[in-house]
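Reading through the structure tokens given below for one structure.
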Amino acid sequence: MLEDDLLHQFRVEPGKKFRLKDHDPAWLPARAKGLSEEEQKKHSANILSENVKELSDAQELLYASDTYSVLAVFQAMDAAGKDSTIKHVMSGVNPQGCQVFSFKAPTSEELDHNYLWRCMKALPERGRIGIFNRSYYEEVLVVRVHPEFLDRQRIPGLEVGKKLWKQRYKEINQFEKHLARNGTVIVKFFLNVSKQEQKKRFLTRLDDEEKTWKFSPADVSERQHWDQYMEAYEEALEETSTDEAPWYVIPADRKWVTRIVVAEILSRTISSLNLRVPPLSPAQMDEFAKARQILETESDR
């Protein structure tokens, strides 16, 4: 369990200046700093197990109440650990109450619609947790670093510049506010990996035959734009962290830290809704009483 003030330090406060350099990718909980690496991993496994159990219980109430839905958005540089974080954090959640979507380069059909369309189709229904592995935020991150991608969108009268990105931040905020008003609870995670740790993980993928499939030469090409990406992330997080849809900057140089922080934030987010199993109506109680009577008088043969 992490203290409230620790969780608060990961949150990007709406309306305030945000700087990535204020967030340490290699951050450690104070109680773990005196432990060996092996002890840290053992300690983290126990905490994650507790958090996963709490998240599972919270998700069950979310499903039973059928009132809210939860959307968790994950954004990060390559090799930051999005896939493994989703895998471990959601390991105890009932698959019937959770759905995961990964958004790659848009298809020709998706390019024939507005940039929010493909994500709108994948939004979670009431009672479910929806996970977006990348999202519509690619439109103010990757597309900002590579504005040539806008040519494929064929938007009439489009002018590339600061005004365009400001307009998209506004559109995203309005979209998320609309979702929140209609019962979708949004929580957004930026997995903050350092450039040095990314290099280490890329080399590990190249050296390990079982991990080589995860590597793409394009990953190294994108790495050459690191500073541009950091600038894009910094502005996007500052402009789109709102009370309705806050951003959390998660330390990602140690995967075990990433997992326990994400699991706890998700669990607390759902728990804060104060959900309860919906009470039975008088009509339901009558139906259940009849069902009980039939079962109890039924022959065991």
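The values are calculated or read from the model by the stated rules, or taken from the named source; none is laboratory data. These figures come from a predicted structure and were not determined experimentally. When we count neighbours, we look across all protein chains shown, and the Cβ atoms used for this are built from the backbone with ideal geometry, even at glycine.
Of note:
- Subset of region 259-301 that is surrounded by 15 or more Cβ atoms within 10 Å (Cβ to Cβ) and β-branched (Val, Ile, Thr) - its residue that is farthest from residue 72 (Cα to Cα): 260
- Pairs where the first residue, in region 24-43, is within 18 Å of residue 190 (Cα to Cα) and the second is modelled with pLDDT of 80 or more and of a type in the set (Asp, Glu), C-beta under 7 Å, 6+ apart: 25/197; 25/253; 26/253
- Any hit, region 178-192, residues being out of contact with any Lys or Arg (no Cβ under 6 Å at 6 or more places or on another chain), in a helix (DSSP H, G or I) and of a type in the set (S, T, N, Q): no
- Residues in region 265-280 that are in contact with an Asp or Glu (Cβ under 8 Å, 6 or more places away or on another chain) and part of a helix (DSSP H, G or I) were compared, and the one that is nearest to residue 130 (Cα to Cα) is 267.
- Matching residues in region 165-183 - criterion: being in contact (Cβ under 8 Å) with a residue 60 or more places away in the chain, buried (at least 19 other Cβ atoms within 10 Å of the Cβ) and either farther than 22 Å from residue 249 by Cβ or over 19 Å from the mean Cα position of the chain (by Cα) (or both): 165
- Matching residues in region 28-77 - criterion: being touching a Phe, Trp or Tyr at 6+ places or on another chain (Cβ under 8 Å) and closer than 29 Å to residue 215 by Cα: 40, 41, 44, 45, 48, 71, 72, 73, 74, 75, 76, 77
Yes or no, residue by residue, for (1) of a type in the set (Val, Ile, Thr); (2) within 20 Å of residue 194 (Cα to Cα); (3) part of a helix (DSSP H, G or I); (4) in contact with a Lys or Arg (Cβ under 9 Å, 6 or more places away or on another chain):
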| residue | (1), (2), (3), (4) |
| --- | --- |
| 14 | no, no, no, no |
| 26 | no, yes, no, yes |
| 35 | no, no, no, yes |
| 38 | no, no, yes, no |
| 48 | no, no, yes, yes |
| 61 | no, no, yes, yes |
| 70 | yes, no, no, yes |
| 75 | no, yes, no, yes |
